[in-house]
1. At K323 and L401, where each label point lies 7 Å from the Cα along Cα→Cβ, what is the point-to-point distance in nanometres?
2. Under the 0.36 nm per residue contour assumption, what length would be gained going from the current alpha-carbon distance of T421 and V338 to full extension?
3. Compute the Kirkwood hydrodynamic radius of the range 330-417, taking the inverse of the mean of 1/r over all pairs of distinct Cα atoms, and give it in Å to one decimal.
4. Given a Förster distance of 41 angstrom, what is the FRET efficiency for D183 paired with D72, based on the Cβ-Cβ distance and rounded to 0.05?
5. Strictly over 21 Å apart at the Cα level, which of K224/K298; K373/K405; K373/K399 would you flag in this model?
6. Which residues does a label at A388 reach in the range 330-350, if reach means a backbone N under 18 Å from a point 7 Å past the Cα toward the Cβ?
7. Compute, for the range 122-242, the length of the dipole vector about the Cα centre, with Cβ point charges of +1 (Lys, Arg) and -1 (Asp, Glu) only. Units Debye, rounded to 20.
8. Report the trypsin sites (Lys or Arg not before Pro) located in the range 387-425 that are in a DSSP loop and have at most 14 other Cβ atoms inside 10 Å of their Cβ, or state none.
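None of the figures in this text is laboratory data; all of them are computed from the coordinates on show. Predicted, not measured: the structure shown is a model, and the values here were computed from it. All Cβ positions, glycine included, derive from the backbone under ideal geometry; neighbour counts span all protein chains shown.
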Amino acid sequence: MAKQIQAIRGMNDILPEQSGRWQQLEHVIRSLLAGYGYSEIRMPIVEQTDLFKRSIGEVTDIVEKEMYTFADRNGDSLTLRPEGTASCVRAGNEHGLLYNQTRRMWYMGPMFRHERPQKGRYRQFHQVGVEAFGLNGPDIDAELILMTARLWKQLGIAEHLQLELNSLASNEARASYRQALTDYLREHSAVLDEDSLRRLETNPLRVLDSKNQAMADMLAAAPKLSEYWDDESRTHFQGLCERLDAAGIQYIHNERLVRGLDYYNRTVFEWVTDSLGAQGTVCAGGRYDGLVQQLGGKATPAVGFAMGLERLVLMLENAEAFKVPREVDVYIAAVGDVAELPAMALAEEIRDVLPNLRVMLHCGGGKFAKQLKRADQSGAELALILGADEVAEQRVTVKYLRQDKPQETLAFAELVEVLGTLVVE
Ligand code: ATP
Ligand code: MG
């Protein structure tokens, strides 16, 4: 037998048994975004490598070690997108979508990072990203957070998610803080692990992210970013908190939340859960007022977030409230050769009248018992049975597969009435 070729590690197939849940999740997200007036944008999966270097930052985990970068046939350096914000801003600048106007956009699709695969962390994963341009906030910052909070409620996972919030303030304020933090960390370099010593030189704020228990006390006593906030950023943060309070959304101010990408300023936030082990961040984002200009556009304030769909799907598997709808409503069985053509015609007639009903027609013939077994396995609510008698009388036998109810034999008009009750929009 020929050797089978396997999928690439960390890049998953989403199988038919799982895709129903994915589609349901995507459907809920799409309607939610439409309900807030956001429009979809679709960007390519491959971009010039420089786009990510210039936006995410050269000394970040993503750019240093996680990107799938390769040479195009003409030698250009290309990269499979590790995230969507940079592409969205690139597209917005390129098509004049951002300057002197406001835009609320979203995208959905695969992202690629060369990480160590584990539960909730993959090399191809999927994000829904939401970006708002041309608005200074904090009202729009609050809108994005309210929108995510509503989503968790709709998905039935709100009680497992906690909002963490911080402000990275202005670039100037952050620069003073970085200096103070660096000085402090240097004084305590004996306690720093290897990773933190490296970050101390390249990206000191990221040391605050460390989960190393041996450094916990030292980090707890480190200078606080909020002590260096500029007045405008402080007012912005208070404005956001007031709006969240008014909407009844709980949060904690996590002074050590700094995010792993360079482009953020002011508001940053994460929705975290303790139900996914180390992969606890389900949704993360913040303000990036400098990025549009940094990528060659005119200065435009912006804020956005991205959520990881694999992590949400994992949470939904444990959520009672979130039921995956059945994929087949009715299964049509044809017993005997004489019923085969009428069964196909019946299926098409039903689809004419009830286009949203999911109708599966038995194919491949076989015994009645086998066809009924298939009907049951399909998840259908009803089996419609056509045999010689039904064909002669121009009627259809309806068997209730999920209810304790006797079967009945109906004319087409009566049948359509019964089937109409199964249609879910
Ligand atoms: P983490 O700290 O878990 O590495 P991150 O800060 O790198 O996350 P972002 O770049 O902010 O993540 O991406 C936003 C969201 O995308 C994350 O909160 C997570 O839900 C999801 N995500 C990021 N990387 C992966 C991955 N490798 N596999 C699956 N989901 C991911
Ligand atoms: Mg990461």
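1. 1.6 nm
2. On the way: separation 83, 0.36 × 83 = 29.88 nm, distance 2.93 nm.
Between T421 and V338, full extension yields an extra 26.9 nm.
3. Details: mean 1/r = 0.0779 Å⁻¹.
Its Kirkwood hydrodynamic radius stands at 12.8 Å.
4. Values: r = 45 Å, r/R0 = 1.09.
For D183 and D72, the calculated efficiency is 0.40.
5. On the way: K224/K298 33 Å; K373/K405 18 Å; K373/K399 12 Å.
Pairs exceeding 21 Å: K224/K298.
6. Of the residues in the range 330-350, 334-343 have backbone N under 18 Å from the label point off A388.
7. Numbers: 12 positive and 20 negative charges, 84 e Å.
Here the range 122-242 has a charge dipole of around 400 debye.
8. Details: sites: R395, K399, R402; in loops: R395, R402.
Listed in order of number, the matching sites are R402.
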